[in-house]
Amino acid sequence: MTRVTDRNTPAHRAAGKFMRGVNLGNYLEYAAGHPAANAFYDSRDFDLIRAEGFDHVRIPVAWHLYSADASGFTLASSIFTKVDAMVDAASSRGLAVLMDWHHFDAFTSSPTANTEKFYAIWQEVAQHYANAPATVAFELLNEPRDAATTAVMNKIYAEAIRRIRATNPNRTIFIGPGNFNSLDELSLNNGQGLLLPNNDLNVIATVHSYDPYYFTHQGAEWALPDTATIGVIFPGPPPAPLQPHPSIQHDWVKTWFKEYNAKPTAFNPSSPFAFRGRLLRAKRWAEQWGRPVHIGEFGCYSKSADSTSRVNFYRDMRATMEEQGLGWAMWDWKSGFHYIKDGRPDPPELREAMFPPIQLRVPASGTLEFDGAVGKTFVVERTASLSEPINWVAVSTQTLTAPKFTFADPEANQLNGAYYRVKWLK
């Protein structure tokens, strides 16, 4: 893979639209009637998603489950009707959309036998969305695994992208490595790990991070018995040792709990220590190869984790990703890992953990600073008086390229004092 030195490629410009997102799961990634398809999204969801501060949504779709004929190569119009409704609702509210192919298990088990179906369906999806807004992006496959290794997917992705470009020459495309979109598959060595096409600069790498797994997945029924131990807090260590569930057999899980019980927070496996180094690796990969990286999934199952620990986890995870300049999409909006419940963040402190209020600093007269998220846009407004009627005038608009906002008013010395306010635009 050739190193890209330009930091203003189409992918870099697109990445700024995908900085703070949320997954709309438990819907179209399952067949209609499936027990896990227990969510539905309407206009109220998209209103709330935008109001909370998210800038994009990720829509998981199991395209292969919605065939119009026995061949499985042609999609039924009904699935486009459902996806279109979500894309339109998001786009009309200024939200970018990341549309991903979810749960194609037959493909990950045998890519060779399903490659042509993979190509054919993406060509059909691409044709359907050829005229969609530029803020609609395609993610080619969620969590490749088993036989769909990174090396196998590198070749398949390259051909799929080539075919998609016939109808969508300027569409942003996300691709992720094998081993469940593992961060470890981002290699700093050339010729290894995930390889993005050298001739296409509108492709973004996407990875997932569910560390620390035995905290984020405690009580998860689909991952038993390793996740049977509940009561894990974040950050560790616990005030009293926690004994792993007797059903656990794997030595590495038992070792994890020994370290969780004994190690200080700075090195505890249930603390930011679990993900900070790996997310830094993603940043270094992005810097080395000149390609943006997006964290497409992270989160904590709400069934067993206590509220305080969930808030602590999300705050530290969000802060770490933003320190590294990485865009993210949390899993999920209102299902098992939910951000919102009954129309409100759950727990209520989750809003401030994910969208902390601006804390302004004034290091010198007429100068404002605060910490913010890369990709977000703010406007600075100024007024000479707070007496009614107040006349606020916009004096600067900035889209952050680093996690720090700085504004020095060039007219400060000419003013007899002034008042400022900062507003988030997007």
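Can you find a residue in segment 387-403 that is in contact with a strand residue (DSSP E or B) (Cβ under 7 Å, 6 or more places away or on another chain), among the charged types (D, E, K, R) and free of Cβ contacts under 8 Å to residues at least 60 places away in the same chain? Within segment 387-403, none of the residues are in contact with a strand residue (DSSP E or B) (Cβ under 7 Å, 6 or more places away or on another chain), among the charged types (D, E, K, R) and free of Cβ contacts under 8 Å to residues at least 60 places away in the same chain.
The number of residues in segment 165-185 that are touching a helix residue (DSSP H, G or I) at 6+ places or on another chain (Cβ under 7 Å) and in a helix (DSSP H, G or I) comes to 4. Consider segment 222-232 and keep the residues that are part of a loop (DSSP other than H, G, I, E, B) and not β-branched (Val, Ile, Thr). The one that is nearest to Ser304 (Cα to Cα) is Gly231.
Hey, among Ala70, Ala51, Ala39, Ala31, which residue is in a loop (DSSP other than H, G, I, E, B) and without any contact (Cβ under 8 Å) to a residue 12 or more places away in the chain?
Values: Ala51 fails: in a loop (DSSP other than H, G, I, E, B); Ala39 fails: without any contact (Cβ under 8 Å) to a residue 12 or more places away in the chain; Ala31 fails: without any contact (Cβ under 8 Å) to a residue 12 or more places away in the chain.
Going through Ala70, Ala51, Ala39, Ala31 in turn, just one is in a loop (DSSP other than H, G, I, E, B) and without any contact (Cβ under 8 Å) to a residue 12 or more places away in the chain: Ala70.
Scanning segment 152-211 for residues that are over 15 Å from the mean Cα position of the chain (by Cα) and small (Gly, Ala, Ser) yields Ala158, Ala160, Ala166, Gly178, Ser187, Gly191, Gly193.
Results for (1) outside the structural domain of Phe313 (by TED's automatic domain parsing); (2) among the β-branched types (Val, Ile, Thr); (3) closer than 30 Å to Lys303 by Cα, shown as yes or no for each residue.
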| position | (1), (2), (3) |
| --- | --- |
| Asp346 | no, no, yes |
| Leu350 | no, no, yes |
| Gln359 | yes, no, no |
| Val374 | yes, yes, no |
| Ile390 | yes, yes, no |
| Tyr420 | yes, no, no |
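Looking only at residues in segment 233-260 that are among the β-branched types (Val, Ile, Thr) and either within 22 Å of Tyr314 (Cα to Cα) or part of a helix (DSSP H, G or I) (or both), the one that is nearest to the chain's Cα centre (by Cα) is Ile233. Of the residues that make up segment 45-57, is at least one surrounded by 20 or more Cβ atoms within 10 Å (Cβ to Cβ), within 30 Å of Ala402 (Cβ to Cβ), under 12 Å from the mean Cα position of the chain (by Cα) and of a type in the set (A, V, I, L, M, F, W, C)? The answer is yes, given that some residue of segment 45-57 is surrounded by 20 or more Cβ atoms within 10 Å (Cβ to Cβ), within 30 Å of Ala402 (Cβ to Cβ), under 12 Å from the mean Cα position of the chain (by Cα) and of a type in the set (A, V, I, L, M, F, W, C).
Going through (1) hydrophobic (A, V, I, L, M, F, W, C); (2) buried (at least 21 other Cβ atoms within 10 Å of the Cβ); (3) outside any loop (DSSP other than H, G, I, E, B) one by one, Leu196 falls short only on (3).
Each row is one residue, and each column tells you yes or no for (1) assigned by TED's automatic domain parsing to the domain that holds Val61; (2) part of a helix (DSSP H, G or I); (3) closer than 20 Å to Phe18 by Cβ.
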{"residue": "Gly94", "(1), (2), (3)": "yes, no, yes"}
{"residue": "Ala120", "(1), (2), (3)": "yes, yes, no"}
{"residue": "Ala126", "(1), (2), (3)": "yes, yes, yes"}
{"residue": "Ala134", "(1), (2), (3)": "yes, no, yes"}
{"residue": "Glu143", "(1), (2), (3)": "yes, no, yes"}
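Scanning segment 165-177 for residues that are out of contact with any Asp or Glu (no Cβ under 8 Å at 6 or more places or on another chain) and buried (at least 16 other Cβ atoms within 10 Å of the Cβ) turns up Thr167, Asn168, Arg171, Thr172.
Look at (1) over 24 Å from Ala31 (Cα atoms); (2) modelled with pLDDT of 95 or more and you find that Gly94 fails only one, number (2). Being of a type outside the set (S, T, N, Q), modelled with pLDDT of 95 or more and touching a Gly at 6+ places or on another chain (Cβ under 6 Å) is a description that does not apply to Pro169.
Quick check: anything in segment 153-164 crowded, with 21+ Cβ neighbours inside 10 Å and either free of Cβ contacts under 8 Å to residues at least 12 places away in the same chain or in a loop (DSSP other than H, G, I, E, B) (or both)? Within segment 153-164, not a single residue is crowded, with 21+ Cβ neighbours inside 10 Å and either free of Cβ contacts under 8 Å to residues at least 12 places away in the same chain or in a loop (DSSP other than H, G, I, E, B) (or both). Return the total of residues in segment 234-264 being in contact (Cβ under 8 Å) with a residue 24 or more places away in the chain and exposed (fewer than 13 other Cβ atoms within 10 Å of the Cβ). Of the residues in segment 234-264, 4 are in contact (Cβ under 8 Å) with a residue 24 or more places away in the chain and exposed (fewer than 13 other Cβ atoms within 10 Å of the Cβ). Take the residues of segment 391-418 that are aliphatic (A, V, I, L, M) and loosely packed, with under 12 Cβ neighbours inside 10 Å: which is farthest from Phe370 (Cα to Cα)? Per the criteria, the residue is Val393.
The values are calculated or read from the model by the stated rules, or taken from the named source; none is laboratory data. These figures come from a predicted structure and were not determined experimentally. Glycine gets a Cβ as well: all are built from the backbone with ideal geometry, and neighbour counts include every protein chain shown.
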